[in-house]
Amino acid sequence: MQKTRLTDDSFTIPPGFSLESYLRHSFGMFTEELVRVKVRFHKSLTRYLLERCWHPSQKNKKLKDGSLEIAFEVAGTKEIKTWILGFGSLAKVVEPVSLVTEIKDDLERSLRFCAKS
């Protein structure tokens, strides 16, 4: 979005529409195709991550080494990718492979950008 302007256009919410239902699988506000995302977190984050529910579909699995694996069924990966990247090297995407590749590519671009400074 680059510019906004006031118009006389109106919008009627369809009968029976529920924003909560519409966004139930999103990790924020975006809704795309449903995808399973599995992330492994370093053991230093386990307690923190277990203190709250990050998404209604969340399934937690504590691993023998103390790390935590969380699986989600989310509507697209845009927002969860940003969330995962916020944990830096303490988070690793296990699946889907497409998200693993996307994050790897993003990090490589970031390294190249930083190397130019």
(request) Would you mind checking the pairs Lys3/Lys92; Lys43/Lys116; Lys59/Lys92 and listing those with alpha carbons more than 26 angstrom apart? (result) Lys3/Lys92; Lys43/Lys116
(message) Show me, for the range 43-52, the HN-Hα J-couplings you get by feeding each phi into the Karplus relation (A = 6.51, B = -1.76, C = 1.60, θ = phi - 60°), rounded to Hz, glycine and proline as x.
(response) 4, 5, 9, 3, 4, 4, 5, 7, 6, 8
(request) With θ set to phi - 60°, apply the Karplus curve 6.51 cos²θ - 1.76 cosθ + 1.60 along the range 55-62 and write out the HN-Hα couplings as whole Hz, x wherever there is a Gly or Pro. (result) 7, x, 8, 4, 10, 9, 9, 6
(message) With an 8 Å Cα cut-off and a minimum separation of 6 or more residues, compute the relative contact order for the range 23-115 in percent.
(response) 34
(request) Taking 7 Å along the Cα-to-C-beta vector as the label spot, tell me the Val94-Thr4 distance in nanometres, rounded to one decimal. (result) 4.2
(message) If I fit a long axis through the Cα atoms of helix 97-115 and take the longest principal axis of the Cα atoms of the chain, what angle between them do I get, 0 to 90°, rounded to 10?
(response) 80
(message) For volume of the Cα convex hull per residue in Å³, pick the label among [x] 100; [y] 163; [z] 87 that corresponds to the value derived from the coordinates.
(response) [y]
(message) Helix-only mean residue ellipticity at 222 nm, the chain, DSSP H runs n ≥ 4 weighted -39,500 (n - 2.57), per residue, nearest 500. What is it?
(response) -8500 deg cm²/dmol
(message) Give the aspartates and glutamates whose C-alpha is closer than 12 Å to that of Lys38, dropping any in the same chain fewer than 8 places away, or say none.
(response) Glu69, Glu73, Glu95
(message) With θ taken as phi - 60° and the coefficients 6.51, -1.76 and 1.60, list the Karplus ³J(HN,Hα) couplings across the range 73-78 in order, rounded to whole Hz; mark glycine and proline as x.
(response) 10, 10, 8, x, 10, 3
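Quick note: the coordinates plus some simple rules give every number you see, no bench work behind them. These numbers come from a predicted model, not from an experiment. Virtual Cβ from ideal backbone geometry, glycine too; neighbours counted across all protein chains shown.
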